[in-house]
Amino acid sequence: MKNNKLLTVMLIILVSITLIGVVIFVLLTQFNKQSTAETHEPSIDEIIEASVDVTEITTNLADNRIIMLSLKIQTDSVEAAEELTKRDFQTKNLVITQLSEMAEDDLKGKEGKTTFESTVKSQLNELMQEGKVQQVYITSYIIQ
């Protein structure tokens, strides 16, 4: 009788340990799948599909110089790109307003352009409802 009881207890312990091991294995596999999906870098085709071109904008800077520039705005999804396309007039307004407060010196060098791009990005993200702007690229740029 004691051997039978001991055998039953040992089987219960063995099954419990096996179940715990299986649960841990399943959880670890699921977490690895999620972290792999999060680190997936989009292909260039996916980036282009989720991007919007802002046609050439010509406006005055604060120091009465004239600037002509074009932008490509990368979003995080196709839906966000569609929304941004519909918000084209707001995008151009933001860019013109931002440029009207800047002088030629503010846009000089890599740092000036990066500051302009990040400012436009943050202002556009405040407007967006379907997604986020990930990056703003200056695709052409002339100051006279």
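Flag: THR119 does not match the condition of being over 17 Å from SER140 (Cα atoms), touching a Lys or Arg at 6+ places or on another chain (Cβ under 8 Å) and β-branched (Val, Ile, Thr).
In the stretch 30-50, of all residues being in a helix (DSSP H, G or I) and hydrophobic (A, V, I, L, M, F, W, C), the one that is modelled with the lowest pLDDT corresponds to ALA37.
Quick grid of which residues meet (1) on the phi < 0 side of the Ramachandran plot; (2) surrounded by 13 or more Cβ atoms within 10 Å (Cβ to Cβ); (3) assigned to a strand (DSSP E or B); (4) of a type in the set (Ser, Thr, Tyr):
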| position | (1), (2), (3), (4) |
| --- | --- |
| GLU79 | yes, yes, no, no |
| GLN90 | yes, yes, no, no |
| THR97 | yes, no, no, yes |
| GLY112 | yes, yes, no, no |
| PHE116 | yes, yes, no, no |
| VAL120 | yes, yes, no, no |
| GLN129 | yes, no, no, no |
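Give the stretch 45-64 a look and list any residue that's touching a residue at least 24 places away in the same chain (Cβ under 8 Å), within 29 Å of ASP76 (Cα to Cα) and among the polar types (S, T, N, Q), or say none. If the condition is that a residue be touching a residue at least 24 places away in the same chain (Cβ under 8 Å), within 29 Å of ASP76 (Cα to Cα) and among the polar types (S, T, N, Q), then SER51, THR59 are the ones that fit. Among residues of the stretch 122-144 that are within 16 Å of ARG87 (Cα to Cα), those with a beta-carbon under 7 Å from a residue that is basic (Lys, Arg) at least six positions away or on a different chain give the pairs ASN125/LYS132; LEU127/ARG87; VAL133/LYS121; VAL136/LYS121.
When the stretch 99-110 is examined, which residues are found to be of a type outside the set (Asp, Glu), part of a helix (DSSP H, G or I) and surrounded by fewer than 16 Cβ atoms within 10 Å (Cβ to Cβ)?
SER100, GLY109, LYS110
Considering each residue of the stretch 52-72 in turn, none proves to be assigned to a helix (DSSP H, G or I) and surrounded by 12 or more Cβ atoms within 10 Å (Cβ to Cβ). The set of residues in the stretch 131-144 being in a loop (DSSP other than H, G, I, E, B) and surrounded by fewer than 14 Cβ atoms within 10 Å (Cβ to Cβ) consists of LYS132, GLN144.
The values are calculated or read from the model by the stated rules, or taken from the named source; none is laboratory data. Everything numeric here is computed off the predicted structure, so don't read it as measured data. Because the Cβ atoms are built from the backbone with ideal geometry, glycine has one as well, and the counts that use them run over all protein chains shown.
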